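See below for the structure under consideration.
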């Protein structure tokens, strides 16, 4: 299933086993039957697909203690974490897999691994779950996946989702610093373009929307060497900043450029 609507970033937890290796991030997106939460190793993207691990082995459980939308109820997290930790530890002994992520959807949670060989793994995990977690129904997805589609096209967030995740992190830092996000303030944005003409194309549109050009630079070592920094007074609550950065990214794209992020001041 394709992701159809991203609406929130999950910040409830990242399991200790997952956090020890790689760059992990988490988000919630809306799918055909409701929301699903994903915990994903973002750093695998740099080398995916890894031809040494051509098989996908996803293992987990169906669980009853879930919300009306199919996500874990608060009291379910501890048990689900123990199950994942046990499965990860078992596979580490048997196969030395690559742990790509976890997907939770419709009262079912599976950990996604890439392995060299799937022989015996399903039976071993089923025995583990029956012995240590008899109240849960096992859930599996096993298939050949040489292009790592499950990781690259399913677990790994798309561009819109990554932008939302980035905005969420900045907004959370503002809130952590005591900002109530209730006041508009100057917000600076950075964008890059391949040619000076492309940069001027964007500046023309930005100025027409009351953005101020703060600086222009040329960075010869950059693949998009023509940099511009613009600013405008705006609100920075998550909904507002998502709308704003989405527009800036779209307008930059029209001028063959890239949007590179924003920053602002803390207001207490």
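The values are calculated or read from the model by the stated rules, or taken from the named source; none is laboratory data. Predicted model only: the values in this text are computed from it and were never measured. Using ideal geometry, Cβ is built from the backbone for each residue, glycine included, and neighbour counts are taken over all protein chains shown.
Restricting the stretch 231-268 to residues that are more than 24 Å from the chain's Cα centre (by Cα) and within 11 Å of residue 189 (Cβ to Cβ), the residue that is surrounded by the most Cβ atoms within 10 Å (Cβ to Cβ) is 234. Residues that are in a strand (DSSP E or B) and either within 18 Å of residue 128 (Cα to Cα) or not assigned by TED's automatic domain parsing to the domain that holds residue 140 (or both) do occur in the stretch 62-84.
Quick grid of which residues meet (1) within 20 Å of the chain's Cα centre (by Cα); (2) surrounded by 15 or more Cβ atoms within 10 Å (Cβ to Cβ); (3) farther than 23 Å from residue 158 by Cα:
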{"residue": "24", "(1), (2), (3)": "yes, yes, no"}
{"residue": "39", "(1), (2), (3)": "yes, yes, no"}
{"residue": "83", "(1), (2), (3)": "no, yes, yes"}
{"residue": "90", "(1), (2), (3)": "no, yes, yes"}
{"residue": "117", "(1), (2), (3)": "no, no, yes"}
{"residue": "132", "(1), (2), (3)": "no, no, yes"}
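When the residues of the stretch 204-230 are filtered to those that are surrounded by 18 or more Cβ atoms within 10 Å (Cβ to Cβ) and more than 26 Å from the chain's Cα centre (by Cα), the one that is farthest from residue 264 (Cα to Cα) is 226.
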